[in-house]
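One structure is given here, and the rest of the page talks about it.
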Amino acid sequence: MSPKISVSIPYKGTHQYLLRAVTSCLEQSIKDVEVFVVVDGGDPSAAWESLAGIDDPRLHRIQLSHSRGPFYVHNLVLHAATDARYLLIQDSDDWSDPKRAELLLNEMELRDIAVAASSQIVHSESGEARESLSDRLTLPAGHRSALDRFRFHGLYNSEKMKKYGGFYGGYPFAFDGYLTGMLWMLNDFGYIDVPLYHRMKRPGSLTRDRGTGHESQERLRLAAIYRDMVARIGELSMVRTATPEAVARITLSHVSQGDREIMDHAIATVRDHVECKEVVHVDS
């Protein structure tokens, strides 16, 4: 039997795409998957109406009381899905090739790495599509686009990511660049040039919004923290001796005690109700 894979799908007002995203994950060639749809904002009724026709015990419906951002959601699923060996990242407006999980898993097991990602097909609402390769691997760490050097939408080894500190560093957006950059520097990141992920480029996304996009103050602030992380673990002599626990201390140093307590409560709630067929409401 294939290792169990949990899929994390944060939802925030993209009901017109949600069914396609969820279906693409349930229909993976690897069948031993479970899908967590976590409403992190927007109209929850629209999300659940979109999925009303799915009668599959592998689908779990979670509704947060407050919006926390996608990385909070991924961290919640990572720790709540205790039986899963792997975590697949999926946005609610995107969709996956049927063999995405299988091919990424093959790459991970071949190299014994923490994450494997792939190239993407980028779609516009007008119907245009183009393949997007990971072509920024050679950018210097100080470049203003350093936070977007690597593909975040991939398959992650759950135990390794827990040792690295998980997916949440206290930031609601842009933290993916921090994580993937760190894993690449530690030689724990794999990439295959096969377009397995379909990304919808649309108005209103976080990367295109003026308040959260590439030139926003919040991203520039996180970029400075990223460069600090590079300085602390990026030198070759340090990489050889760096441990996941040391990296975890850097990552978790940005999470307040209050946020940790809220996260722990949310994880316990989901874990206790993971077999529930109804919507699980979580105080976040």
* **Matching residues, the range 41-68, being acidic (D, E) and outside any loop (DSSP other than H, G, I, E, B)** => E49
* To do: Scan the range 17-40 for residues that are surrounded by fewer than 18 Cβ atoms within 10 Å (Cβ to Cβ), without any contact (Cβ under 8 Å) to a residue 60 or more places away in the chain and assigned to a loop (DSSP other than H, G, I, E, B) and jot them down.
  => K31, D32
* Asked: Could you list, in sequence order, the residues of the range 66-103 that are over 16 Å from the mean Cα position of the chain (by Cα) and modelled with pLDDT of 95 or more?
  -> D97, P98, K99, E102, L103
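Does R144 qualify as being among the charged types (D, E, K, R), at pLDDT below 75 and part of a loop (DSSP other than H, G, I, E, B)?
In short, yes.
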* To do: Hey, can you tell me all the residues within the range 168-187 that are in contact (Cβ under 8 Å) with a residue 60 or more places away in the chain and among the small types (G, A, S)?
  => G169, G170
* Can you name the residue in the range 1-58 that is in contact with an Asp or Glu (Cβ under 9 Å, 6 or more places away or on another chain) and among the polar types (S, T, N, Q) and is also modelled with the lowest pLDDT among such residues? -> S2
* Asked: Which numbered condition trips up L196, out of (1) at pLDDT 85 or above; (2) farther than 30 Å from G127 by Cβ; (3) not in a helix (DSSP H, G or I)?
  -> (2)
* To do: Kindly indicate whether D91 is out of contact with any Lys or Arg (no Cβ under 7 Å at 6 or more places or on another chain) and assigned to a loop (DSSP other than H, G, I, E, B).
  => yes
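Okay, residues lined up against (1) modelled with pLDDT of 85 or more; (2) assigned to a loop (DSSP other than H, G, I, E, B):
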| site | (1), (2) |
| --- | --- |
| E159 | yes, no |
| Y168 | yes, yes |
| Y171 | no, yes |
| L179 | no, no |
| N187 | no, yes |
| G190 | yes, no |
* Assess whether D135 counts as being more than 28 Å from G13 (Cα to Cα), surrounded by fewer than 16 Cβ atoms within 10 Å (Cβ to Cβ) and at pLDDT 90 or above. => no
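Restricting to the range 228-284, give me the number of residues that are in a helix (DSSP H, G or I), polar (S, T, N, Q), exposed (fewer than 13 other Cβ atoms within 10 Å of the Cβ) and modelled with pLDDT under 90. Please lay out each step first, then the result.
In the first step, residues of the range 228-284 are kept if they are in a helix (DSSP H, G or I); the result is 228-233, 236-239, 244-252, 257-272.
Filter once more, so that each one left must be polar (S, T, N, Q): 237, 251, 257, 269.
Add one more test, that the residue is exposed (fewer than 13 other Cβ atoms within 10 Å of the Cβ), and what stays is 237, 257.
Adding the requirement that they be modelled with pLDDT under 90 leaves 237.
Count: 1.
The values are calculated or read from the model by the stated rules, or taken from the named source; none is laboratory data. For clarity, every value in this text was computed on a predicted model and none was experimentally measured. Note: ideal-geometry Cβ built from the backbone for every residue, glycine included; neighbour counts use all protein chains shown.
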